[in-house]
Every structure is written in C-alpha cells, then in structure tokens.
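Some notes on the structure that comes next.
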Amino acid sequence: MSNRGNFSSKLGFILAAAGSAVGLGNIWRFPYLAGTNGGAGFLFIYLICVLMLCFPVMVGEIAIGRNAGSDAFGSYKKLGGGNWGYLGLYGILAGVLILSYYNVVAGWAFGYFLEISFGNLLDHQDFGSFFGDYVNDIGPLFFFSLGFMVITAVIVAQGIAKGIEAANKIMMPGLYIILIGLIIYSLTLPHAMDGVRFYLVPDFSEIHSKTIFYALCQAFFSLSLGMGCLITYGSYVTKDQNIVKSAVIISMADTSVAFLAGLMVFPLVFSLGAEPGQGPKLIFVILTQAFQSMGPFVGRIVGGSFFLLICFAALTSTISLLEVPAAYFVDQKKLPRKAVVWGVSGLIFVLGIPTMYSQGLVPFLNKLPFHNSPDFLSFVADLCDIMLVSGGCIMCLFIRSKWRVGSLNNELAIGNPGYVGSFVQGYINFAISWFCPVVLGILSILVIVDKYYGLEWLFG
Ligand code: PHE
C-alpha cells in the first residue's frame, strides 16, 4: 500500500474527507433546497437522514476502502470478486458526471469572486436578472470553469499527502471563520428573526414525500456518499485510525457547515424581503444584495472573501471527485498519475460543456422532456443523485450478502477497542443489513419516478 501514498496523519484523512464533503452542496445547494422545501421541515428531515441512513453508509465505505486498500473498482473486486467491480465503476461514473456539472457551478462562483473583488458587480441594481445574464455569458464562464478544472488537476497530480492533504489544512478553518462572521452580521439586520423562525421552527404540515426525497439526496450528495469517494480516501487510511470516530467528525463537520450556511442565508433573505424559494440562484442573488448594502469598500472585501471561500470549499470537493477516477486508472491500469489526471480532467471538462449551455443559450438543452429536470444541469444533477442513493443501497447489499457484516465489524474494531458489543455496533449492523438497503431501495425507485415522471404519475 505504501507506494500508493497514504495520508500522513490521522487529522489529514479527516480534513480531506471533510473537505470532500463540505462544498457547493453545503453552501449553494443546501440553502436553496431548504428554501424551496419548507425551511425547518427540510432541515429536520435532513438531520434524520444523516444520522440514520448516511452515517452507517459512510462507515461502510471507509471500512471497505481501508480493508481492500484499492480504488473503488479494485476494492469491490478484491472483496467481492467477479462482477462486484462494476459497482465500483458505477460509482466512478457518478463521480465523473458530478464533477462535469459541479465544475461549471464552481466556475460561476469563481467568476463572482473575480467580478466582486476586481470588477463592478456590486454596482448593479437587479441581481436576479444579472445572474440570468451572467450564466449565459459563455466566453468568461468557459475560462472560469476551465481555470477551476486546471487548479483541481494541478493539486490532484501532486498526490495524496502533498497535494490533497496540504490544500485541505489551509482551506477548511478559513471557511468556518467567514461563515460565522456573516451569520453575526445577518442576525443584526431587521426582520432577521423571521428568517431564523423559517429555518428553525418546523411546520410539520409542510413536510411532503418530496421533502424526504430532496433531503435524502442532498444528504448523500453533501456527505460525498454512494460513489466510492470514501472508499478511495479510505484506502489511504492507516490501520491505527478509528473509522467510526472519524465518520462522526466528518459528518458533524459537513452538517455544521450546511446548518451554518442556512443560518446565514435565511435571516438575509427575510431582512431583504426576498423569496426563499428562488432555486439555484438563491445565494448568488441574496448574498450579493447583502454585500452591496455593506457599502462599496466593505462589500467588496467581505463579498470577495466569501466567494473565494466558496471556491476553496468547492475545490476540496472537486479534488476528491477527480481522485476517484484517477485512482482507478493509476491502480488498475498502472498508468502514471500525472498523465491520468490531465487526461481525465480534460474529458470531464468537455462533458460539462452542455451544462454550460443549458441555462438558456441552447433552447434544446433547456427543454428536456423530464418532469423535474427540464434543463440539462438539473437533469445531470438529478441523475447523479439517483446514482448516489442507489449506489449506497447496493453497497449495503454488498456488505450484507458478500463481504459480510462480520468482516465489516472486524475492520471497524481495528483502531477502536470499545467497538465490539457497543450500541454503535448494534445500530450499524442493523442499518447495513436491513434498514438502509430497504429504505434506500424503496426511496431510489420513488425518486426516479418523481424526478423524471412526477410522483403524481404513480399515485394519480
Ligand atoms: N460533497 C460535495 C459537496 O457537498 C460534493 C461531492 C459529492 C463530492 C460526491 C464528492 C463526491 O459539495
């Protein structure tokens, strides 16, 4: 295993995995999904999903990776033999697709950082229509996304300890500091408490089956589950590390950033008298309005640093997304890391081009015949969500029927003397063998029906 590279310290793995988890999912996607799905009700369901469904899946993935010591494909193949490798490939494909659209959104954020810090973005009057024009101004966006992909590739090409680990150690703490600063600011504004109420006091009549789907998919996406990312990172973890404890820390870090992002956004939304359910443009519109109200100088500094930190958060996620296919080609095909990284990132960038054109520029890419995903960006994002949730479900079936829960327990007991016989062991065993496969299996099917046909199709 040593020639593949390892994380140089326990903290290194936790920071890298938390860096993978914390990203656009937390700061961009979580607030807008909470905004369109009832606020506090969404948060409530989200937290239940993280605790009951996602946590056991996370532990399972890391354990598989550390035990097998290989990439997603190699790990499933080694532990399950024969066709199980395809489950790894399914995850790798999901990672490639996620990165193709994720990189485009990261390019938007990168552009906002540049335009706020060095341009005149904050001089505009209507940030909603500005955003609409901006995401269709393909020339600059092309370069922003390309720039983002190049930065990701440069870091991943450096390998595990030098590139991935060092980048995370600097970026994660900065993000917390600026988030907390912005929360304090937003809570001092008039009507901020209406936002806090919307976000923290659940109205159970607002919770629908769709709230559950969105919350579950979001939790999988946000925790980087179901596609082999944590198998790959798990394969670089040393045997003295306590996997369960690491998973607790990673989940808490990720959930806290999502929670804080909501706590920053909704007071701002309500104090500006804006609409919480405006979809993907929410933070781009609301935050720029807030930065504008801070005055030209302060707005530029605070707004610029905020979007820069979003870029950092996104970067630690794109790094992990690129590492999954890269590790596959390095481990399985014995190709040199640098060549693989540049080849794969070039391909993924090209795959993202339809997403770039899907915000209005090419009408066809905006009118796909799918119920909830008429534009190409939502289509790919929804497809990936389904792949993650179903991937998590099949991973549980893999442990249950092939690798065996006993082997999982043996792996989890390494570096964790109190694990055997504990309540946590009891829950993880129950969840991996029964609860998760059943619930995730049923929900995967319902999510497919809902996203592409509409649930009404099934239930009339
Ligand atoms: N978890 C990342 C985010 O929230 C996205 C991601 C998904 C990264 C899957 C890796 C794997 O932004």
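Assorted remarks:
- Model label points for THR238 and ILE445, set 7 angstrom from Cα along the Cα-to-Cβ axis, are 4.7 nm apart.
- Mean separation of Cα pairs under 8 Å and 6 or more residues apart, divided by the residue count, gives the chain a relative contact order of 32 percent.
- Compared with the alpha-carbon gap, the fully stretched path from MET193 to VAL298 is longer by 35.4 nm at 0.36 nm per residue.
- Members of LYS77/LYS239; LYS239/LYS334; LYS402/LYS451 lying beyond 23 Å, as alpha-carbon distances in this model show: LYS239/LYS334; LYS402/LYS451
- Residue-normalised accessible area of the stretch 388-451, expressed per residue, 1.4 Å probe, Å²: 41
- Mean residue ellipticity (222 nm) of the chain, computed from DSSP H runs ≥ 4 via -39,500 (n - 2.57), nearest 500: -23000 deg cm²/dmol
- Accessible surface of HIS371 - all protein chains present, 1.4 Å probe, nearest 10 Å²: 90
- LEU335 versus VAL350: modelled label distance in nm, points set 7 Å from Cα along the beta carbon direction: 1.2
- Checking the Cα-Cα distances for LYS10/LYS333; LYS169/LYS338; LYS338/LYS367; LYS281/LYS338; LYS10/LYS281 against a 27 Å cut-off, the pairs over it are LYS10/LYS333; LYS338/LYS367; LYS281/LYS338; LYS10/LYS281.
- Solvent accessible area, Å² - LYS78, 1.4 Å probe, full protein context: 130
- A 1.4 Å probe run over the stretch 206-301, with the rest of the protein chains in place, finds 30 Å² accessible per residue.
The values are calculated or read from the model by the stated rules, or taken from the named source; none is laboratory data. The structure presented is a predicted model; accordingly, all values stated were derived computationally and were not measured. No Cβ is skipped: glycine too gets one built from the backbone with ideal geometry, and neighbour counts run over all protein chains shown. Protein only, heavy atoms only, side chains kept; ligands, DNA and RNA dropped before computing areas. Shrake-Rupley method; radii C 1.70, N 1.55, O 1.52, S 1.80 Å.
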